[in-house]
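Data block below; observations after.
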2 protein chains.
Amino acid sequence: MTLALDSAAQDLLFREAHTANAFTDEPVTDEQMQALYDLIKYAPTAFNQSPLRIVLVRSEEARERLVAHMSEGNQAKTKAAPLVAILAADNEFHEELPALFPHFPQAKDVFFGERPVREKSAELNAALQAGYFILGVRAAGLAAGPMTGFDAEGIRKEFLDGDHTPMLVVNIGKPSEDAYRPRSPRLAYDQVVSVV
Amino acid sequence: MTLALDSAAQDLLFREAHTANAFTDEPVTDEQMQALYDLIKYAPTAFNQSPLRIVLVRSEEARERLVAHMSEGNQAKTKAAPLVAILAADNEFHEELPALFPHFPQAKDVFFGERPVREKSAELNAALQAGYFILGVRAAGLAAGPMTGFDAEGIRKEFLDGDHTPMLVVNIGKPSEDAYRPRSPRLAYDQVVSVV
């Protein structure tokens with residue numbers, strides 16, 4: 001056993017999990033999303049800045065507005081998924097830093113006083129949290145269908161504001177029988193890792 | 001049980017895991033890093049582009065070159081950690097796409113023919129993978145100390161090339177007794193999640 005994580009958890013989060021393209025009709029509850037968030041919120045970000053913001057698209061009316069901004073190949077599955085989440089970076093995350101980073105509340109101004117610095121930091125750290133979120137969906141016993149094929153500016157205007165950058169749209173639900181494509185190959189260790 | 005992930009795994013990856021600032025002398029082996037990679041490689045990226053590249057800084061000579069580019073507050077712990085990993089995005093990931101995305105090998109040129117598009121995609125997807133990597137370190141029974149305080153251009157020149165963008169530097173090892181700061185607060189569900 002080289003890894004400490006038990007093998008059922010390895011399978012659930014990584015080995016047997018796949019990106020899902022189709023789902024059953026079983027709803028995804030607010031209780032599940034709350035439990036998911038209350039798990040992944042502990043995973044780290046720089047200065048505990050926690051810039052990820054999540055819009056859950058539940059109503060039929062909102063779903064239609066979202067689907068209109070998805071690329072053509074993503075429309076049908078986004079329309080049919082039990083729940084869809086828009087993951088966005090909050091470029092004004094520094095407003096929360098005095099509460100989130102109480103042992104150095106000045107970090108808000110000292111490190112993040114300038115908007116371009118905040119945007120770059122929010123982008124990286126919200127993406128880390130998006131990675132945690134995808135694994136969190138799996139931890140909840142659900143399948144995730146993360147997508148980058150959408151009109152980001154359209155989604156920003158429709159669901160967010162100028163202070164938020166949409167990063168991923170994620171379909172969420174129980175996978176149906178035809179949910180998965182065959183697993184594609186992965187890079188070998190030596191193609192990814194070098195030692196100096 | 002709202003979550004499917006067993007509670008020991010929840011604790012190991014999220015609830016009881018903390019960013020570590022100090023480590024024991026116990027080495028981190030290549031076998032552990034290989035097992036970690038062979039787990040996290042399955043987590044998803046757009047078009048399976050898998051842009052994360054990892055430089056393991058093992059030799060004393062390389063460690064000194066790295067420490068020189070870390071911000072002052074990160075130098076001592078980076079010097080002392082059993083193993084340090086530089087996580088970088090490969091902006092030329094598209095060269096691997098015909099192998100990684102075999103059912104549409106043209107994606108290499110159709111979607112990623114232009115460098116700025118590749119850079120943006122590599123940045124997002126390597127950051128997702130960096131999130132998987134941090135949880136992978138914990139899955140290996142180790143503690144991670146991820147850092148963004150460094151001279152990225154200096155690290156790029158010292159350890160990478162113009163096609164790679166450094167994203168995080170991560171100290172890795174068994175946490176020592178004084179490894180952890182008290183847990184900082186997290187945002188509440190309602191501060192992060194909205195429903196439409």
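Each Cα pair under 8 Å and six or more residues apart adds its separation to the average, and for chain A the resulting relative contact order is 34 percent.
In Å², nearest 100, what accessible area do chains B and A bury in total when the solvent probe is 1.4 Å? In total, chains B and A hide about 6700 Å² from solvent. Hand me the chymotrypsin sites (Phe, Trp or Tyr not before Pro) from region B:1-90 located in a DSSP loop with no more than 11 other Cβ atoms within 10 Å, in residue order please. When the chymotrypsin sites (Phe, Trp or Tyr not before Pro) of region B:1-90 are filtered for loop state and at most 11 Cβ neighbours within 10 Å, nothing remains.
Structural descriptor for region A:60-135: relative contact order 25 percent, calculated from alpha carbon pairs under 8 angstrom and at least 6 residues apart. Across region B:125-141, coupling constants 3J(HN,Hα) worked out from phi with the 6.51/-1.76/1.60 Karplus curve, θ = phi - 60°, read 6, 5, 5, 3, 5, 5, x, 4, 4, 4, 5, x, 4, 5, 4, 7, x Hz, and Gly and Pro carry x. Distances between placed amide hydrogens fall under 5 Å for B:ALA20 paired with B:ALA144, B:GLY145, all partners being 5 or more residues away or on another chain.
Other residues whose C-beta falls under 9 angstrom from the C-beta of A:THR165 contribute a net charge of -3, scoring Lys and Arg +1 and Asp and Glu -1.
Taking amide hydrogens as placed 1.01 Å from N in the peptide plane, the amide H of A:PHE150 sits under 5 Å from those of A:SER71, each at least 5 positions away in sequence or on another chain.
A 1.4 Å probe, protein heavy atoms only, puts the accessible area of A:ARG65 near 70 Å². The longest stretch of chain A left intact once loop-based GluC sites (Glu not before Pro) with at most 13 other Cβ atoms within 10 Å are removed from consideration, loops following DSSP, is A:17-113. Distances from A:LYS157 to itself in the other copies, using label points 7 Å out along the Cα-Cβ axis, amount to 4.3 nm in increasing order. A simple count of charges around B:SER50, restricted to other residues whose Cβ falls under 10 Å of its Cβ and scoring Lys, Arg +1 and Asp, Glu -1, yields +1. Charges were assigned to the Cβ only: +1 to each Lys and Arg, -1 to each Asp and Glu. The resulting dipole of chain A about its Cα centre is roughly 420 debye.
Label-point distances for A:GLN106 to the equivalent site in the other copies, using a point 7 angstrom along Cα→C-beta, read 5.9 nm when ranked shortest first.
For B:VAL195, the residues whose amide H sits under 5 Å from its own are A:LEU56, ignoring neighbours fewer than 5 places away on the same chain, with H placed 1.01 Å from N.
Pairs of lysines in the protein assembly as shown whose Cα atoms sit within less than 23 Å of one another amount to 24, provided the residues are eight or more positions apart or on different chains. Taking a Cβ cut-off of under 13 Å around A:GLU61, the surrounding Lys, Arg, Asp and Glu residues balance to a net charge of +1, with basic ones at +1 and acidic ones at -1. Each residue of region A:19-27 was assigned a 3J(HN,Hα) from its phi angle through the Karplus curve 6.51 cos²θ - 1.76 cosθ + 1.60 (θ = phi - 60°); the sequence is 5, 9, 10, 8, 9, 6, 7, 4, x Hz, with glycine and proline shown as x. Farthest toward the positive end of the dipole of chain B, out of B:PHE14, B:ALA85, B:GLN49, is the Cα of B:PHE14, where the dipole comes from beta carbon charges about the Cα centre.
Evaluated on region A:35-174, the Kirkwood hydrodynamic radius is 15.6 Å, with distances taken between all distinct Cα atoms. Is the C-alpha gyration tensor of region A:1-100 telling us rounded, prolate or oblate? Criteria: a/c under 1.5 is rounded; beyond that, a/b larger than b/c is prolate, otherwise oblate. Oblate, since a/c reaches 1.5 and b/c is not below a/b.
Taken per residue, the accessible surface of region A:35-174 reaches 35 Å², heavy atoms only and a 1.4 Å probe. Each of the peptides A:164-175, B:161-172 was scored by the mean count of other Cβ atoms within 10 Å over its residues; in descending order, highest first, they stand as A:164-175, B:161-172.
Expressed as a whole percent, the accessible surface of the protein assembly as shown that belongs to carbon and sulfur atoms is 50, based on a 1.4 Å probe. Dividing the helix sum by the residues of chain B, where each DSSP H run of 4 or more adds -39500 (n - 2.57), gives a mean residue ellipticity at 222 nm of -11000 deg cm²/dmol. Shown here are the Rg and Dmax of the Cα trace of the protein assembly as shown, at 19.8, 60 Å. Plainly put, the tip 7 Å out from Cα toward Cβ on A:GLN34 is 4.6 nm from that tip on each other copy, the closest given first.
The values are calculated or read from the model by the stated rules, or taken from the named source; none is laboratory data. Treat the numbers as computed from the prediction; the structure is a model and nothing was measured. Backbone-built Cβ (ideal geometry, glycine too); neighbour counts: all protein chains shown. Ligands, DNA and RNA are excluded from the accessible area calculation, which covers all protein heavy atoms including side chains. Shrake-Rupley method; radii C 1.70, N 1.55, O 1.52, S 1.80 Å.
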